[in-house]
1. Note down the relative contact order for the chain as a percent, whole number, built from C-alpha pairs under 8 angstrom at least six residues apart.
2. Separation of the stretch 229-294 and the stretch 140-163 by C-alpha centroid, Å?
3. To the nearest 0.05, how large is the calculated FRET efficiency for residue 269 and residue 309 if R₀ is 35 Å and r is the Cβ-Cβ distance?
4. With a ≥ b ≥ c the root eigenvalues of the C-alpha gyration tensor of the stretch 140-226, is it rounded (a/c under 1.5), prolate (a/b larger than b/c) or oblate?
5. Could you check how much of the accessible area of the stretch 179-323 is carbon and sulfur, as a whole percent, using a 1.4 Å probe?
6. Looking at the square roots a ≥ b ≥ c of the eigenvalues of the Cα gyration tensor of the chain, which shape do they give, rounded for a/c under 1.5, prolate if a/b is larger than b/c, or oblate?
7. Which pairs break 21 Å Cα to Cα here: 147/243; 173/217; 173/310?
Amino acid sequence: MHQLICRVLICVIGCLNAADHVLAQTYPSRPIRMLVGFPAGGPIDLQARLLSRKLTEHLKQPVVVENRPGADAVIATELAARAAPDGHTVILVSVGFATTASFHAKLPYDPLKDLVPVAQTATLPLALIVHPSVPAQSLQELIAFAKSRPGELNYGSGGIGSSNHLGAEYLAKAAGILMTHVPYKGAAPAMEDLLAGRIHVLLAPISNALPHIRSGKVRALGVSTLGRSAAAPEVPAISEVVKGFDVSLWSGVLAPAGTPKAVVDQLSEAIIRALAEPDVRDTLLRNDMEPVVAADAVSFGAYIRGEFQKWADLTRGLNLPRP
């Protein structure tokens, strides 16, 4: 009986593998929808439109970008999670895919079970910037000042649970300092108040911060990625002072769970090829995004799991309101 069951299982697995192989040979058989949980014009949308053009060339089927903004990208992510797992619907997500899950009490999908990684696409560093009135010329001096006056420095964010809120809390915890959080309804008003001197510190996307850094309106003390940014190589990485600090606005492509591995691999290969093309790479770099050209499904999956763990560990101690 045991041998019969084993033969049946081997037969079933063989049939499934054969079906996946056939599907991969015929994939894609119709246009591919690439969901984006943000409005047109932002960095994720820019990436999606670059990739859609290249993937259309590589896969010989139109790849159509569909913007479904709202609810911290939960609307678009649920659509992707509920789509048919055949590779004809994918979603380009940002770091919010992990941070949103860390402070939402309940999501209409399981982010680690209902979606599978395909490939990472890019990273966008955050810049740690301060108003010129802050008496700190370096991150070391900022930490020393904050330790001497706990809670006196305040920092802005785009809202509770936003990447710059959680990133600043991560920095404060790692550096052993206390700062006061001032949440805003979006990153733009936070930047306005930093420029006006109403707040002291802000972690802002480097693309938004650079014009103000160059003009001298704010002072840059660090970038949030493990290494220095190509956009501002003169600014040290925060990790040079706070070991292991890594908070980037990463992005990548996911597909519905159950999408055949052969299809995921085909998509992953096409995305990596697209990111390696000079025009795609140059466009991303001009917009202060750094392409990730070797993060296939396996390595991207490991990276995502690490991000979920990092933000879950942090938010457990913050007593954040749970939407």
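The values are calculated or read from the model by the stated rules, or taken from the named source; none is laboratory data. Since we're looking at a predicted model, the values are computed, not measured. Cβ sites come from the backbone with ideal geometry, for glycine too, and all protein chains shown count toward neighbours. Note: accessible area is taken over every heavy atom of the protein model, side chains too, but ligands, DNA and RNA are not part of it. Shrake-Rupley method; radii C 1.70, N 1.55, O 1.52, S 1.80 Å.
1. After rounding, I find 25 percent.
2. Between the Cα centres of the stretch 229-294 and the stretch 140-163 lies a distance of 28 Å.
3. Efficiency, from the Cβ-Cβ distance: 0.80.
4. Since a/c stays below 1.5, the shape of the stretch 140-226 is classed as rounded.
5. C and S fraction of accessible area: 55 percent.
6. The shape class here is prolate.
7. Long pairs (Cα-Cα over 21 Å): 173/217.
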